[in-house]
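Q: Structure below; questions to follow.
The values are calculated or read from the model by the stated rules, or taken from the named source; none is laboratory data. Please read all numbers here as calculations on a predicted model, not as lab measurements. In this analysis, Cβ positions are derived from the backbone assuming ideal geometry, glycine residues included, and neighbour counts consider all displayed protein chains. The protein model used for the area step is the full one, side chains on, heavy atoms only, and it has no ligands, DNA or RNA in it. Shrake-Rupley method; radii C 1.70, N 1.55, O 1.52, S 1.80 Å.
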Amino acid sequence: MGENLNQATRKGFLVDSSRCIGCRACQVACKQWNKLPAEKTVNKGNIENPRDLTPVLYNRIKFIESVDGDKVSWKFFSERCLHCGEAGCIKVCPSPGALYRNSDGVVVFNKEKCISCKYCVSACPFNVPRYGEDDKVAKCDLCHSRITGGMVPACAKTCPTGCLTYGNRSALIAKAKAAKKTLYGETDLSGLGIVYAMDGSPEQFGLPATPSIPLSIFLWKDVIKPLGILGFWGSIGAMLLHYVTIGPKRIDDDDSDEKGVGHE
Ligand code: SF4
Ligand code: SF4
Ligand code: SF4
């Protein structure tokens, strides 16, 4: 189950991959709004650039290249945090407020609360969180600072083709379905905040067909941690019970014990 998530009012983001032309204006807009520095990249014989998300690159366009004779074609994929309805990163984070859900249902972060444990990296089914020189979590926050001011995210505002749309998640999904689009993320992990309309399998873009949070995260959060807390309070309870029913331990008892040991 998602954490206190109101599916009716939840905001979402629809990525219609068929409309993407690979211009990467969204990458630039994100850098500009979030004041993220440029990075040196290396040409590896493909026009995809950069080739991975980084602590200062919150979204990027993946180029899926196919060659047929002397013809080269691409499919484009907008890679970013998917704002999962059931977010492994929030679930595992031990520092309250470092990763949290805002009132629109978006997964945002606060670097000042991040303790650099990096648990969120292993809990994310989509390999999204990154850590930079400051050793603090970094990822797309759906332009929290813009949407809380009534604006749309910078990348959606900039996209020239209507590939990226922000709004009420249910309405976006209904519209995409009415247009007979095949969706990814409608119900996975209590619904992803980013829903993709795509042709073909999600695996072609590097997405898992059925994303899930690693079992170890559930064991840690829902079993081991509560048991540890239970054990702690159980010990306190046992001590209190002993105090109430038997009374405090007398110093005489200790003395006689010590003397007994000393005479052996
Ligand atoms: S994609 Fe990863 S970082 Fe983003 S909300 Fe989901 S678990 Fe968290
Ligand atoms: S929503 Fe904002 S932070 Fe996220 S990728 Fe777009 S511009 Fe960047
Ligand atoms: S701005 Fe729009 S069309 Fe251009 S790469 Fe980004 S998503 Fe694709």
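Q: Skipping prolines and chain starts, which residues have an amide H placed within reach, meaning under 5 Å, of the one on CYS81, given they are 5 or more residues away or on another chain?
A: It is CYS140, by chain and number.
Q: Sticking with this structure for a sec: What does the accessible area of ASP134 come to, in Å² to the nearest 10, when a probe of 1.4 Å is used?
A: It works out to around 80 Å².
Q: Apply 1/(1 + (r/R0)^6) to the Cβ-Cβ distance of LYS113 and ASP135, taking R0 = 22 Å, and write down the FRET efficiency to the nearest 0.05. Can you show the working numbers first?
A: Details: r = 13 Å, r/R0 = 0.61.
My answer for the efficiency is 0.95.
Q: Further question on the same structure: Which of the peptides 73-83, 166-176 is most tightly packed, and how do the rest follow, going by the mean number of other Cβ atoms within 10 Å of each residue?
A: Sorting 73-83, 166-176 by mean packing, highest first, produces 73-83, 166-176.
Q: Roughly how big is the stretch 11-213's charge dipole about its Cα centre, with Cβ charges of +1 (Lys, Arg) and -1 (Asp, Glu), in debye to the nearest 20? Can you show the working numbers first?
A: Details: 28 positive and 19 negative charges, 98 e Å.
Its charge dipole is roughly 480 debye.
Q: Work out from phi, with θ = phi - 60° and the Karplus expression 6.51 cos²θ - 1.76 cosθ + 1.60, the ³J(HN,Hα) of each residue of the stretch 119-136, listed in order in whole Hz, and give x for Gly and Pro.
A: Using θ = phi - 60°, the values come out as 4, 4, 5, 6, 8, 8, x, 10, 6, 9, x, 10, 10, x, 4, 7, 6, 10 Hz.
Q: For n ≥ 4 DSSP H runs only, could you compute -39500 (n - 2.57) per run for the chain, divide by its residues and tell me the 222 nm figure to the nearest 500? Working shown, then result.
A: Values: 9 runs with 76 residues, N = 264.
Value at 222 nm, helices only, nearest 500: -8000 deg cm²/dmol.
Q: Here is a follow-up. Would you mind calculating the gained length between ASN6 and LYS40 on full extension (0.36 nm times residue separation, minus the Cα-Cα distance), in nm to one decimal?
A: On the way: separation 34, 0.36 × 34 = 12.24 nm, distance 4.12 nm.
That works out to 8.1 nm of additional length.
Q: Ranked from highest to lowest mean number of other Cβ atoms within 10 Å per residue, what is the order of the peptides 34-43, 201-210? Walk me through the intermediate numbers first.
A: Values: 34-43: 10.2, 201-210: 13.0.
Those peptides, ordered most packed to least, come out 201-210, 34-43.
Q: By how many nm would the segment from MET239 to ALA174 grow when fully extended, if each residue of separation counts as 0.36 nm and the alpha-carbon distance is taken off?
A: 17.6 nm
Q: Kindly identify the stretch 1-86 as rounded, prolate or oblate by the Cα gyration tensor criterion: order the square roots of the eigenvalues as a ≥ b ≥ c, call it rounded if a/c is under 1.5, otherwise compare a/b with b/c, prolate if a/b is larger, else oblate.
A: Values: a/c = 2.57, a/b = 1.53, b/c = 1.68.
It is oblate, given that a/c is not under 1.5 and a/b is not larger than b/c.
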